[in-house]
1. Please identify, among 63, 43, 141, the residue showing maximal mean-square fluctuation in a Gaussian network model of the chain using a 10 angstrom Cα cutoff.
2. Under a 1.4 Å probe, what is the accessible area of the chain per residue, stated in Å²?
3. Given the pairs 201/253; 104/223; 71/188; 120/216; 128/201, which are separated by over 28 angstrom at their Cα positions?
4. Keeping all protein chains in position, work out how much accessible area residue 152 exposes to a 1.4 Å probe, and write it in Å² to the nearest 10.
5. Test of understanding: what is the full-extension gain from residue 243 to residue 86, defined as 0.36 nm times their sequence separation minus their Cα-Cα distance?
6. Considering only protein heavy atoms, what is the solvent-accessible area of residue 253 at a probe of 1.4 Å, reported in Å² to the nearest 10?
7. Just 150, 41, 131 to compare: in a GNM of the chain, with alpha carbon springs under 10 Å, which one fluctuates most?
8. Rounded if a/c is under 1.5, else prolate if a/b is larger than b/c, else oblate: which is the stretch 106-256, with a ≥ b ≥ c the root eigenvalues of its Cα gyration tensor?
Amino acid sequence: MVKLFFLHCKCIGKHFSNVKLYLLLLLVFSQGCSAQKNSILIDDAMETSVKETLNYYLYFPEDYEPNIEEKYPLLLFLHGGGESGDSLVAVKRNGPPKLITQGKKFPFLILAPQNPYQNKWWNTRAVKQLLDSIVTNNNVDTKRIYLTGLSRGGGAAWEMAVQYPDTFAAMAVVCGMAPLPYASWINKEMPIWVFHGEDDKSIPVSESDAMVARLKEMGYNVKFTRYPGVGHNSWIQAYETEELYDWFVAQGKGLE
């Protein structure tokens with residue numbers, strides 16, 4: 001092809017001896033060849049490693065004995081965005097950790113990790129690794145692991161229920177964003193209790209309305225408490241509901 005090109009140029013050169021014309025034709029030819037390069041698609045793999053440091057509180061009930069075979073329930077609590085960061089004491093502002101500081105006693109262990117990032121979602125894979133470690137190293141009844149969270153932590157609780165459907169015996173979500181398209185991935189045998197303020201401007205009650213409606217439509221066991229006139233801080237009423245903790249204790253995988 002290149003030979004034909006130069007022959008063609010030679011013929012033209014008989015009539016146009018201008019060297020600039022030859023240079024121009026060479027430039028056009030080279031650009032044409034460049035434009036004909038083929039794109040490629042490769043396949044490859046890379047092993048990734050993501051590390052996360054999670055500070056946490058771990059509460060033990062009064063009768064807990066580490067050296068006996070008795071197993072205890074455990075409640076995993078995920079806080080909201082306002083308690084995120086590097087000051088663990090912030091986790092005590094709301095939910096069960098707050099009630100513990102006020103003297104309330106619980107009949108189960110409570111694991112309360114802290115999301116280290118102010119403006120990031122919970123790393124639920126890291127939380128699951130922490131939970132697994134706590135369960136392995138303490139007298140925890142794996143049939144009675146409970147899950148709860150508020151606001152951003154409520155969204156993370158929904159996410160963990162979707163990702164780890166066989167882990168939890170019961171779940172309570174307070175004003176959390178819901179993964180509606182993945183509702184069917186949640187364990188249908190797990191009882192759920194949802195709380196939300198009707199005047200919530202941060203995460204509208206419609207999030208919980210839609211999720212509860214979808215779950216009930218599919219036959220899930222769902223309780224729903226809506227608080228008229230209450231905004232985003234519906235966690236105050238929710239976690240002061242004594243019935244909630246009795247309800248948790250009554251749940252267990254495989255229990256009638």
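1. Most flexible of the set in this elastic network: 43.
2. I get 58 Å² per residue for the chain.
3. The answer is 201/253; 120/216; 128/201.
4. Here the residue's solvent-accessible area equals roughly 50 Å².
5. Details: separation 157, 0.36 × 157 = 56.52 nm, distance 3.26 nm.
Gain on stretching residue 243 to residue 86: 53.3 nm.
6. About 70 Å², rounded to the nearest 10.
7. 41
8. Rounded shape, in that the Cα axes give a/c under 1.5.
The values are calculated or read from the model by the stated rules, or taken from the named source; none is laboratory data. Since this is a predicted model, take the numbers as computed values, not measurements. Neighbour counts are summed over all protein chains in view; Cβ atoms, including those assigned to glycine, are modelled from backbone coordinates with ideal geometry. Accessible surface areas use protein heavy atoms only, side chains included; no ligands, DNA or RNA. Shrake-Rupley method; radii C 1.70, N 1.55, O 1.52, S 1.80 Å.
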